[in-house]
Structure formats: C-alpha cells, structure tokens
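Participant: Dropping the structure in here first, questions after.
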Amino acid sequence: MRSKDVRPEAPLLPGRTIGILGGGQLGRMIALAGRAMGYRFAVLDPAEEAPARPVADVFVRGEFSDRAALLRLGAASDVVVYEFEHLDAEAVAALAESVPVPQGTALLRLAQHRALEKAALSAGGFPVAPYAAIARPEDWPAALRTVGLPALLKTTTGGYDGKGQWRLRTAAEAAAAEAIVRAAFRETGAGRSGEARSEGDAAGARFILERELAFRAELSVIVARRADGAMATFPPAENVHVRGILHRSIVPARVPKTVEERAVELARAIATHLDAVGLLAVEFFWLKDGALVVNELAPRPHNTGHYTLDAASTSQFEQFVRAVSGLPLGAVRLWSPVVMVNVLGEHLPALLKALPTLDPRFKVHLYGKAEARPGRKMGHVNILADSVEEALRLAEATGVWPELQAERENP
Ligand code: AMP
C-alpha cells in the first residue's frame, strides 16, 4: 500500500489516539513511550490480559482475523499501527481504507512470509543466505541438492522465536525434514504436482530450506523512517540467541567499525528500497569471511532494540511514535555501553529473588504477564556499565541466567 490516503500528511499531534494492532510487550512499550508524549492509545488484542491493556485508553478485545474488531479499533483511532506481523494483510488493507495505517501493508506482506521476504531482498541486490523455496512436495530433492547440508528448514509463515524451524545436519535429519514437508502438504492437500498455481513460486512456498551459515556474530540495526524518507538509525546490536530465542544484545557490538558502518548502510538502503515507515529492524549474520548477510526483517519495534530504553537518548518506542506521527525523529546518542538480557519464564523467579539486592546499574523492565511459562518473554534487563564486558560479568554474577555460565565454561 503506497497510496497517499494511508499516510497522514499533517503531523499527528499529542492528544490524538494511536491504535495498535497487538497488545503484547511491544504494544505496551509503544504506549508507555507515547503516553509520555501526550498521545492516547487504543489496543486490539485477543487476550483478556494483554500486556498493553493496562496502559491503553481504549481496549478492543478481538481476534486479529475479526474484521469487525479491526474496524472498532479503527473507529477509536486517528492512526493505526501494528506491533507484530502475523496479521491478515487483507484485513489491514481494508482497515487502511478508513484510517491511516502509516506502516502500510506491502512490507507487512513481505515480513510475514520468509520466501517473499528473501525474494524481495535478493531482487533488490541485498545478500541473503543461499535458499530454496518449497511450494510443492516434489521441490524437495532439488532444494536439498542446491542448498546442501547443514541447513535449516523454516515454515514461510507463522514462525517466530525459533518455532517452525528444524535444523538438518545429517542425512537422517534431512529425511525426517522431508517427511515433515510431505506431511504438511498432505494435510492440506495443497501444492500437489500439476496443480495450477496463480502465484509465483515464492508466494506459493510453504517452506524454505536455507543453508546454515557459520557466522562469527549476529547483528541487528533498527532504522526509523518517516513517510517523507527522513531516517535515523540506532547503533548496531550484537545478538546472541539460545534455542532460537534472543538471549541478549550487546551494544556497542564487538565488531570492527567498518562492519558496523556497512550494517547501518545496508539497513538504511533496505528501509529505503522497501519504503518502510515507522521502524525496520534488519537482522544480519556476520560471516567468517567478513561478509554481512541479511537474515530477517521486522517492520516494527524489535527485541534487539530494547537497550535503547535506558542507554539511548531516544528509545526505539519513542522513535516509532515520532516516525508514524510525522514528528521530527529524535537524536540518537548512546549514553553508555549496555547489555540487554531477556527475562524468560524460567528466569523470572531467580530475578525476582535477586531484585532487592540488584546492582544499581541494572534497569529492570517487566511486561506484567501473569503466567511465566518457559521460553515466554516476561521482561528484560538493561545493564549499563563502563564496558560491555563488565555488564556481561554483572549479568552472570546474578546467577539468574545459567546460560551465561554454561557458555563461558563451554564456549
Ligand atoms: P530466524 O527466526 O530466522 O531469525 O532464526 C532464529 C535464529 O536461528 C537466528 O537468529 C540464528 O541464530 C539461527 N539461524 C536462523 N537461520 C540461520 C542460518 N541460515 N544459519 C545459521 N543460523 C541461523
């Protein structure tokens, strides 16, 4: 969607209402930042106890597929944004007929479909991991031949935090993955051979097979961009994932300056190429040969930008509100080296126990979720210290994250 009517021409001033599709922690932190600026918020979420609900002026409880609920949110809002990408793009496009949706739906469609995203990046000349789209069961042998092992099988839609992903290192694992692929096509009966397909291979793909890259580090850059093309970027974060979930972000990233600069340059070029409005998070692999490869895009605030809440002069959430409201983007200055560590369900009891005696350099953010399931993001901690090494030592010394000690003992 690039039509003029979906983007507000005049700045949206405080006092107006920003509607958010999604009431998770990102929605909550957008609303907290925007409320401080004087905006009102309406939130749509299916969960009665959505984290953003207590900080919203209006709460619409409903499924994201429920068009009437979307319209109710639209009616309560002067502008609507989304805080996650697993939405029905058609429904969002329909909503954009009646209320501005500055992020648009074009990037949403890409970001929710791994094959479309990779195809768009490749077409734009941006580096991605070697991959093959699997639109029919019989695409499998050629995909395995071209990509080779080790590889990752990923569902094209619906996957997040390591879900919908299988790692293939051996022929036996490849055979098991093939069985998963064939079963998925059998279940729905879609994608049979000879079936007339109106869409291209990428759009019709149910899985992608992607080469597993031996990266030196993972990086991400968050770009804020307004509808008029003005941009601001946040310093690149070095990210460590454990079992497919972001464990921590380290800023400044421990990479050469030239790598940081190249990551920022690529992220800005991608945001411009895809005409992103709001925020675009670009995740990279920094390979052993020095190359940067784009892993994933997220057209919204991102977990790897949570460090900005305490360590930067403008947070990603404030910047998002500024970008979608058409206000000037805030200056971005890093106040201090910082390590952001996620607090998952399994970390919460130890964190709460440590809280009364926690080092004053820890800034604790909790999302108000009632149920602390393992792997569920309950909050995060920003540790501001004189160096990232010191912040990492402080995190480990708490004993809250056994992964830190395990990694040091077994790097
Ligand atoms: P994703 O959901 O695609 O971002 O994957 C989650 C995490 O899995 C990434 O941040 C990496 O740590 C790992 N991963 C995904 N794809 C690859 C790949 N092609 N090579 C190596 N690691 C990967």
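What follows is calculated from the coordinates using simple rules that are stated; it is not laboratory data. Small disclaimer: the values here were computed from a predicted structure and weren't measured. Here the Cβ positions follow ideal geometry from the backbone for every residue, glycine too, while neighbour counts run over all protein chains shown.
Participant: Compute from the Cα atoms of the range 252-347 the Rg and the Dmax, the latter being the longest Cα-Cα distance, and quote both in angstrom.
Facilitator: Using the Cα atoms of the range 252-347, the pair Rg, Dmax is 14.3, 41 Å.
Participant: What is the Å³ per residue value for the convex hull set by the Cα atoms of the range 17-111?
Facilitator: Taking only Cα atoms, the range 17-111 has a hull volume of 80 Å³ per residue.
Participant: Let me ask something else. Between PRO51, PRO102, PRO127, find the one with the highest GNM mean-square fluctuation for the chain; connect C-alpha pairs within less than 10 Å.
Facilitator: PRO127
Participant: I would also like to ask the following. By the scheme Lys and Arg +1, Asp and Glu -1, what is the net charge of all other residues having a beta-carbon under 13 Å from that of GLY74?
Facilitator: Counting the neighbours of GLY74, the net charge comes to -1.
Participant: At q = 0.27 Å⁻¹, what is the log10 ratio I(q)/I(0) for the range 237-302, with the Debye formula run over Cα points and no solvent?
Facilitator: Log10 of I(q)/I(0), two decimals: -1.38.
Participant: Which one, HIS380, LEU366, LEU292, is farthest towards the positive end of the dipole of the range 215-409 when Lys and Arg carry +1 and Asp and Glu -1 on their Cβ?
Facilitator: LEU366
Participant: Using the Kyte-Doolittle scale, which helices in the chain average at least -1.0 and also have C-alpha atoms spread 15 Å or more along the helix axis, with helices defined as whole DSSP H runs?
Facilitator: 25-36, 171-188, 257-273, 388-398
Participant: Between Rg and the Kirkwood Rh of the range 328-380, both from Cα atoms, what is the Rg to Rh ratio?
Facilitator: 1.08
Participant: Over all Cα pairs of the range 172-310, how is the pair count split among 5 Å bins, expressed in % and running from 0 up to the last occupied bin?
Facilitator: 2, 9, 16, 17, 14, 13, 11, 10, 6, 2, 0, 0
Participant: Between the alpha-carbon centers of the range 17-70 and the range 132-192, tell me the distance in whole angstrom.
Facilitator: Here the two parts' Cα centres lie 36 Å apart.
Participant: Let me ask something additional. Would you calculate a helix-derived [θ] at 222 nm for the chain, using -39,500 (n - 2.57) for each DSSP H run of n ≥ 4 and dividing by the full residue count, to the nearest 500?
Facilitator: -9000 deg cm²/dmol
Participant: Under unit Cβ charges (Lys, Arg +1; Asp, Glu -1), what dipole magnitude, rounded to 20 debye, does the range 17-111 have relative to its Cα centre?
Facilitator: That gives a dipole near 260 debye.
Participant: List, largest first, the extents of the alpha carbons of the chain along their principal axes, each in whole Å.
Facilitator: If we take the Cα atoms of the chain, the spans are 57, 56, 42 Å.
Participant: What's the whole-number percent of alpha carbon pairs in the range 130-211 lying beyond 20 angstrom?
Facilitator: 25 percent
Participant: Quick one: length gained pulling ALA183 to LEU358 fully straight, 0.36 nm per residue minus the C-alpha distance?
Facilitator: In short, 58.0 nm is gained.
Participant: For the range 289-408, compute the orientation-averaged projected area of the C-alpha convex hull (one quarter of its surface), in nm².
Facilitator: 9.9 nm²
Participant: In whole angstrom, how far apart do the alpha carbon centroids of the range 246-277 and the range 316-347 sit?
Facilitator: 14 Å
Participant: If packing is taken as the mean number of other Cβ atoms within 10 Å per residue, what is the order of 111-124, 54-67, 167-180, highest first?
Facilitator: 111-124, 54-67, 167-180
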